[in-house]
Amino acid sequence: MIVSDSRTTVVVLTHTRVREVSQTVDRLLKLPEHPSIIVVDNGSTDGTSDVLARRYPSLRIIRLQRNVGAAARNVGIRAAQTPYVALCDDDTWWAAGSLRRAADVLDEHPHVAVLTARVLVGPEGQEDPTCRRMANSPLAAAPGLPGTPILGFLAGASMIRRTAFLSVGGFEPRFFLGGEEALVAVDLAAAGWQMIYAHDVIVRHYPSHHRDARARRRLLLRNALWFTWLRRPFPTAVQQTGRLLRPALGDPHEAWGFFQAVAGLPWILRRRRCLPAAVEAALLKLGDS
């Protein structure tokens with residue numbers, strides 16, 4: 001008899017990577033936790049939804065008419081009926097037993113909104129450098145809290161508490177993709193939620209070769225500037241803007257991200273609100289100044 005862990009739904013985000021997402025679904029279906037799985041097809045143009053529907057008749061697929069970036073995850077998270085949602089990209093998947101371990105931690109620690117797993121990259125299982133930085137976080141841990149306290153997370157390798165995530169509005173649609181986690185993370189912290197990095201929870205990542213590196217650099221710069229202008233106090237925002245722009249000046253593709261950021265200023269001014277002092281102090285402690 002197959003018993004599913006009813007606490008967790010896995011939401012997989014995909015866009016025009018039918019081969020990669022099929023492999024990811026195959027691996028998720030073999031997990032001992034037998035989680036519910038929702039695939040959000042983010043406006044694919046390669047027939048992804050049709051292929052998945054034929055191969056996995058019981059799979060829940062949500063088809064979006066256009067690519068809305070990270071905000072497509074919001075759709076899957078809202079559709080989930082479980083208290084926890086494990087996020088995957090189409091080239092990441094959770095290791096056996098890790099979903100159960102992550103859900104156990106969230107059960108035991110109701111003030112934790114996000115648990116980010118240790119990401120092992122490629123067949124060799126090399127640790128993602130971001131995980132090493134998270135493991136060395138200088139933030140002070142609350143008594144009894146497992147893992148390392150963090151003020152950010154990896155969207156393709158985290159389990160979230162669904163109600164907490166939705167309470168802060170989820171991923172901002174204007175960010176599309178690239179650093180979209182930053183705004184959610186600080187808004188969760190401002191609302192009193194905690195986030196942790198768990199070294200003993202594993203997500204595997206086989207990076208897809210279908211990537212537009214130039215577009216990603218442009219979006220990362222734009223979104224970093226937007227994040228800074230939306231939440232940081234004015235002196236820090238000015239300093240951060242200079243720091244972000246210096247390496248971008250020699251790259252016309254990145255520089256274009258600055259002009260895109262400026263075009264969003266009317267929206268920024270309407271939505272700007274500075275973080276509570278404790279959250280801003282934590283960002284400064286992380287060296288984000």
Over region 8-52, the set of residues more than 18 Å from ALA86 (Cβ to Cβ) and among the basic types (Lys, Arg) is ARG17, ARG19
Looking only at region 269-286, decide whether some residue is under 21 Å from MET134 (Cα atoms), part of a helix (DSSP H, G or I) and not aliphatic (A, V, I, L, M). yes
Which numbered condition trips up GLY287, out of (1) closer than 23 Å to LEU188 by Cβ; (2) modelled with pLDDT of 90 or more? (2)
Considering only residues that are basic (Lys, Arg), surrounded by fewer than 21 Cβ atoms within 10 Å (Cβ to Cβ) and within 30 Å of SER22 (Cα to Cα), which ones fall in region 205-243? ARG211, ARG214, ARG216, ARG217
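For (1) modelled with pLDDT of 90 or more; (2) within 30 Å of ARG118 (Cα to Cα), each residue gets a yes or a no:
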position: HIS205; (1), (2): yes, yes
position: HIS209; (1), (2): no, yes
position: LEU221; (1), (2): yes, yes
position: TRP226; (1), (2): yes, yes
position: ALA237; (1), (2): yes, no
position: PRO252; (1), (2): no, no
position: TRP256; (1), (2): no, no
position: GLN260; (1), (2): yes, no
position: ALA263; (1), (2): yes, no
Would you check if there is a residue in region 28-46 being acidic (Asp, Glu), under 22 Å from THR116 (Cβ atoms) and assigned by TED's automatic domain parsing to the domain that holds ALA113? yes
Just a yes or no: is a residue in region 118-138 in a strand (DSSP E or B), within 13 Å of the chain's Cα centre (by Cα) and more than 21 Å from LEU283 (Cα to Cα)? yes
Matching residues, region 239-257, being in a helix (DSSP H, G or I), farther than 27 Å from ALA277 by Cα and either out of contact with any helix residue (DSSP H, G or I) (no Cβ under 6 Å at 6 or more places or on another chain) or assigned by TED's automatic domain parsing to the domain that holds PHE171 (or both): ARG246, PRO247, PRO252
Tally of residues being surrounded by 21 or more Cβ atoms within 10 Å (Cβ to Cβ), aromatic (Phe, Trp, Tyr) and either in a helix (DSSP H, G or I) or touching a residue at least 60 places away in the same chain (Cβ under 8 Å) (or both) across region 153-201: 4
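Right, ALA86: modelled with pLDDT of 95 or more, out of contact with any Lys or Arg (no Cβ under 8 Å at 6 or more places or on another chain), buried (at least 19 other Cβ atoms within 10 Å of the Cβ) and assigned by TED's automatic domain parsing to the domain that holds VAL40 or not?
yes
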(1) touching a residue at least 24 places away in the same chain (Cβ under 8 Å); (2) over 18 Å from SER208 (Cα atoms): which one isn't true of ALA140, the others all being true? (1)
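When the residues of region 74-115 are narrowed to those that are assigned to a helix (DSSP H, G or I) and among the β-branched types (Val, Ile, Thr), which ends up farthest from the chain's Cα centre (by Cα)?
Checked region 74-115; the qualifying residue farthest from the chain's Cα centre (by Cα) is VAL105.
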Identity of the residue in region 211-238, over 19 Å from the mean Cα position of the chain (by Cα) and not in a helix (DSSP H, G or I), that ends up nearest to ALA282 (Cα to Cα): ARG232
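Does GLY147 fit the bill of being under 25 Å from VAL11 (Cβ atoms), modelled with pLDDT under 95 and of a type outside the set (D, E, K, R)? Working first, answer last.
On the way: under 25 Å from VAL11 (Cβ atoms): yes; modelled with pLDDT under 95: yes; of a type outside the set (D, E, K, R): yes.
So GLY147 fits the description; yes.
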In the set ASP41, ASP26, the lone residue that is over 18 Å from the mean Cα position of the chain (by Cα) and either more than 27 Å from PRO173 (Cα to Cα) or acidic (Asp, Glu) (or both) is ASP26
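The values are calculated or read from the model by the stated rules, or taken from the named source; none is laboratory data. Just so it is clear, the model here is predicted, and its values are computed rather than measured. Cβ: placed from backbone, ideal geometry, glycine included. Neighbour counts: every protein chain shown.
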